[in-house]
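Right, one structure below, let's go through it.
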Amino acid sequence: MFLDVDLSTIDQEKLDSLRVVQQEAVELLKTDPNAFWHSLGQSALNFGLKVLAALIIYIVGAWVIKRVKKAMERSFKRRKTEPTIASFTSSLVSITLTVLLIVITVSTLGVNTTSLAALLAAGGMAIGMALSGTVQNFAGGIMLLMFKPFKAGDYINACGYQGTVMEVNIVSTKLLTIDNRVVILPNGTLSNGTIDNFSAQPLRRIDLEVSVAFGTDVDTCVEAIQHILSEDERILTSKDMSPASTGPTAVKVPTHPVPDPFVALHHLNQNDITFIVRAWVRQEDYWDVYFMLQKRFYSELPEHGCNFAYPHCDVTILNDAAPLAHNN
């Protein structure tokens, strides 16, 4: 309400000023036509010079903005910056400089830019409040692109979803799940949550538990499991990590040496005993080796006398020698 009153007052003052100037110009034309035309020509010349200066400022400024944008693109390319963040940063700087150039050009013409600046600030605030969720996702996208907790092609678990990262843009991330669904995660939630990246490291460790019946010979079972592990070339040993290794399973990564496959008695349970099995593989071989070991343990361990335990109950029936007396 107060804003409406202020605006109407300002408009009325402008109209009154225009009327006064118009009346003065008419009086001057009547009394001294030569002075009127001289004043009009001087005003036109001054305005023309302002227009020429504004054009020169705009042309030079546009050329400078173009050069700055190209310099930024070359810098991003040289540093191998993420394409999404490089494109966004270049566009943001270009738009900001263009708006500043327009304000300077308009002010050169003699127009008061205070109202224009206030209008731009108010519009920016209104847009920011209306798009608060989008701004949060935008900030989250900047964080993800800067710190890179994952990249396209990685298999991750985040926000309750697992899948392969298809695309990372400025406001959202696309996942392709194993059942061929596309899940779009907002970057604001993603950047503030827990991200489990299964593809971040070149190696992964398989952890399995094998439960067998009581009475199984521990050494025999350990040897049988170790034999199964040694027959698969995809399971890594400390030799595969040495600098001189050249075999099909050789992996050269700057990490500590990978230990040999490990098997040990882990638990003495109520109905069985449990062995822990640990083996290192390349991350792309993880699931194939995982399922293969499960199959071979089930089919081959009983052949070595390592029978699997199952829930059961032993019932002993005692027969009394003396019959029960019945009252007739």
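Quick grid of which residues meet (1) at pLDDT below 75; (2) β-branched (Val, Ile, Thr):
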{"site": "GLN22", "(1), (2)": "yes, no"}
{"site": "GLU27", "(1), (2)": "yes, no"}
{"site": "LYS30", "(1), (2)": "yes, no"}
{"site": "PHE36", "(1), (2)": "yes, no"}
{"site": "LEU40", "(1), (2)": "yes, no"}
{"site": "SER43", "(1), (2)": "yes, no"}
{"site": "LEU55", "(1), (2)": "no, no"}
{"site": "ILE59", "(1), (2)": "no, yes"}
{"site": "ILE65", "(1), (2)": "no, yes"}
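One residue alone among THR98, THR89, THR108 is exposed (fewer than 15 other Cβ atoms within 10 Å of the Cβ), β-branched (Val, Ile, Thr) and modelled with pLDDT of 70 or more, and that residue is THR98.
Rundown of residues vs (1) within 30 Å of VAL277 (Cα to Cα); (2) touching a residue at least 40 places away in the same chain (Cβ under 8 Å); (3) touching a Cys at 6+ places or on another chain (Cβ under 6 Å), yes/no style:
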| site | (1), (2), (3) |
| --- | --- |
| ASN137 | no, yes, no |
| GLY141 | no, yes, no |
| LEU144 | no, yes, no |
| ASN169 | no, yes, no |
| LYS174 | no, no, no |
| ARG181 | no, no, no |
| ASN187 | no, yes, no |
| GLY193 | no, no, yes |
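May I ask you to list the residues in region 168-191 that are over 9 Å from the mean Cα position of the chain (by Cα) and open to solvent by 50 Å² or more (accessible area, probe 1.4 Å)? Within region 168-191, LYS174, LEU176, ILE178, ASP179, ASN180, ARG181, VAL182, ILE184, THR189 meet the criteria.
Yes/no matrix, rows are residues, columns are (1) under 15 Å from LEU208 (Cβ atoms); (2) open to solvent by less than 60 Å² (accessible area, probe 1.4 Å); (3) of a type outside the set (A, V, I, L, M); (4) touching a Pro at 6+ places or on another chain (Cβ under 7 Å):
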{"residue": "HIS266", "(1), (2), (3), (4)": "yes, no, yes, no"}
{"residue": "GLN270", "(1), (2), (3), (4)": "no, no, yes, no"}
{"residue": "PHE275", "(1), (2), (3), (4)": "yes, yes, yes, no"}
{"residue": "ASP288", "(1), (2), (3), (4)": "yes, no, yes, no"}
{"residue": "PHE291", "(1), (2), (3), (4)": "yes, no, yes, no"}
{"residue": "LYS295", "(1), (2), (3), (4)": "yes, no, yes, no"}
{"residue": "GLY305", "(1), (2), (3), (4)": "no, yes, yes, no"}
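Within region 119-138, being modelled with pLDDT of 65 or more and open to solvent by 50 Å² or more (accessible area, probe 1.4 Å) holds for LEU119, LEU120, ALA121, ALA122, THR134, VAL135, GLN136, PHE138.
The values are calculated or read from the model by the stated rules, or taken from the named source; none is laboratory data. The model shown is predicted, which means the values in this text are computed figures rather than measured ones. Because the Cβ atoms are built from the backbone with ideal geometry, glycine has one as well, and the counts that use them run over all protein chains shown. Accessible surface areas use protein heavy atoms only, side chains included; no ligands, DNA or RNA. Shrake-Rupley method; radii C 1.70, N 1.55, O 1.52, S 1.80 Å.
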